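Enquirer: Handing you a structure now.
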Amino acid sequence: MKPLLTLALLLCCLAAHAKGKAKIKIDTTPNPTENVWTITNELNYYHDTAQQMQDTLYNNVTIDYSAQNGWDIQLASYNIPLTGGGAQNYQTDTYLNVSKTFNITHDFQAIIGSQNGTTIPHSLNPRQLHNADYSLVVYQPDAQLNLHVGPYWVNKALATTTDVLGYTGGFSIEVIPKLLIFQGDYFSGHNNLSGAVVNAWVRIHPQAQVYFGVGVPEHNSGNEFYGTLGFSVANK
């Protein structure tokens, strides 16, 4: 695992000139397998020269249940500070994410979802309901390729600017069957959600994967570059 950690830290070094805050997260890619529990733990590293070379390490924990008939329910707690903690105006923000997948044809699906929650501990901002809604059209001709795009809406409490209507898109490509997957997602606009993240997933066990990558902020979003390093374990 040391080579993966080294590469992830090198990607993090791209953030050496970054200014602003950490990216708010939203998961728009439900697990397609039915009756599966998945636990994911992800570390995000930020290096902000504007804060006197302050390094911030956040932890993100998600518990996901993919039920039958396309339903996916996820409990997620993002931006839990481990060290530092100055990169995000919302910390330990916890959400319930519910989505429903509809099969249209053999190659096309539609997904609608909603993520709602708020910060758990006291923060400088008044505690408000954070809401994001999204819908996607998914093109998946086979198990190795997934392309998805659609609109999203996020309220002012979560965006920190104003109510925002934008678009999101992403991909998942299995380049080495049952071993290596590249996955990316992008959110348009200039708000807390805006930006892209790309990860490389490596399957180390039939039920476990590790991944690493980099988050890239959108222009004028106020977000920072960051590095990701995580693992995911499923019950089957």
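The values are calculated or read from the model by the stated rules, or taken from the named source; none is laboratory data. Model, not experiment: these values are computed from the prediction. Cβ sites come from the backbone with ideal geometry, for glycine too, and all protein chains shown count toward neighbours.
Enquirer: Restricting to segment 95-112, name every residue that is more than 10 Å from L136 (Cβ to Cβ), surrounded by 19 or more Cβ atoms within 10 Å (Cβ to Cβ) and among the polar types (S, T, N, Q).
Expert: Start the filter on segment 95-112 by keeping residues that are more than 10 Å from L136 (Cβ to Cβ), which leaves 95-98, 100, 102-108.
Imposing the further condition that a residue be surrounded by 19 or more Cβ atoms within 10 Å (Cβ to Cβ) reduces the set to 95, 97.
Matches in segment 95-112: N97 only.
Enquirer: Turning to a different aspect of this structure: Return the residues of segment 184-225 that are more than 25 Å from I39 (Cβ to Cβ), in a loop (DSSP other than H, G, I, E, B) and either free of Cβ contacts under 8 Å to residues at least 24 places away in the same chain or of a type in the set (A, V, I, L, M, F, W, C) (or both); say none if nothing qualifies.
Expert: F225
Enquirer: Within segment 171-188, is there a residue that is surrounded by 19 or more Cβ atoms within 10 Å (Cβ to Cβ) and at positive phi?
Expert: No.
Enquirer: Can you find even one residue in segment 161-181 that is of a type outside the set (F, W, Y) and closer than 20 Å to N60 by Cα? Break it down stepwise before answering.
Expert: Start the filter on segment 161-181 by keeping residues that are of a type outside the set (F, W, Y), which leaves 161-166, 168-170, 172-181.
Still in the running and closer than 20 Å to N60 by Cα: none.
No, segment 161-181 contains no residue that is of a type outside the set (F, W, Y) and closer than 20 Å to N60 by Cα.
Enquirer: Is it the case, given these coordinates, that A87 is under 17 Å from the mean Cα position of the chain (by Cα), within 20 Å of S194 (Cα to Cα), modelled with pLDDT under 90 and hydrophobic (A, V, I, L, M, F, W, C)? Talk me through it step by step, then tell me what you get.
Expert: Details: under 17 Å from the mean Cα position of the chain (by Cα): yes; within 20 Å of S194 (Cα to Cα): yes; modelled with pLDDT under 90: yes; hydrophobic (A, V, I, L, M, F, W, C): yes.
It is true that A87 is under 17 Å from the mean Cα position of the chain (by Cα), within 20 Å of S194 (Cα to Cα), modelled with pLDDT under 90 and hydrophobic (A, V, I, L, M, F, W, C).
Enquirer: Now a separate question. For residues that are assigned to a strand (DSSP E or B) and in contact with a Ser or Thr (Cβ under 7 Å, 6 or more places away or on another chain), scanning just segment 29-38, find the one that is nearest to Y152 (Cα to Cα).
Expert: T38
Enquirer: Taking the condition of being loosely packed, with under 12 Cβ neighbours inside 10 Å and modelled with pLDDT of 80 or more, how many residues in segment 113-134 meet it?
Expert: Here is the first cut: in segment 113-134, the ones loosely packed, with under 12 Cβ neighbours inside 10 Å are 121-122, 124, 126, 129.
Subset that is modelled with pLDDT of 80 or more: 129.
Total satisfying the criteria: 1.
Enquirer: Now a separate question. Going residue by residue through segment 176-183, is there one that turns out to be in a strand (DSSP E or B), touching a helix residue (DSSP H, G or I) at 6+ places or on another chain (Cβ under 7 Å), in contact (Cβ under 8 Å) with a residue 24 or more places away in the chain and within 20 Å of A132 (Cβ to Cβ)? Show your work before the answer.
Expert: The first filter runs over segment 176-183 and keeps only residues in a strand (DSSP E or B), leaving 176, 180-183.
Those still in the list that are touching a helix residue (DSSP H, G or I) at 6+ places or on another chain (Cβ under 7 Å) too: none.
Scanning segment 176-183, I find no residue that is in a strand (DSSP E or B), touching a helix residue (DSSP H, G or I) at 6+ places or on another chain (Cβ under 7 Å), in contact (Cβ under 8 Å) with a residue 24 or more places away in the chain and within 20 Å of A132 (Cβ to Cβ), so the answer is no.
Enquirer: Still on this model: Does at least one position in segment 2-20 carry a residue that is surrounded by 13 or more Cβ atoms within 10 Å (Cβ to Cβ) and modelled with pLDDT of 60 or more?
Expert: Within segment 2-20, not a single residue is surrounded by 13 or more Cβ atoms within 10 Å (Cβ to Cβ) and modelled with pLDDT of 60 or more.
Enquirer: Continuing with the same structure: Please enumerate the residues belonging to segment 155-170 that are in contact with a strand residue (DSSP E or B) (Cβ under 7 Å, 6 or more places away or on another chain) and buried (at least 16 other Cβ atoms within 10 Å of the Cβ). Write out each step before concluding.
Expert: Looking only at segment 155-170, we keep the residues that are in contact with a strand residue (DSSP E or B) (Cβ under 7 Å, 6 or more places away or on another chain), and these are 155, 157-158, 164-170.
If the condition is that a residue be in contact with a strand residue (DSSP E or B) (Cβ under 7 Å, 6 or more places away or on another chain) and buried (at least 16 other Cβ atoms within 10 Å of the Cβ), then N155, A157, L158, V164, G166, T168, G169, G170 are the ones that fit.
Enquirer: Output the residues belonging to segment 208-227 that are at pLDDT 95 or above and over 13 Å from the mean Cα position of the chain (by Cα).
Expert: Within segment 208-227, A208, Q209, V210 meet the criteria.
Enquirer: Given the conditions (1) at pLDDT below 95; (2) crowded, with 19+ Cβ neighbours inside 10 Å, report the number of the one that Y152 does not fulfil.
Expert: All conditions are met except number (1).
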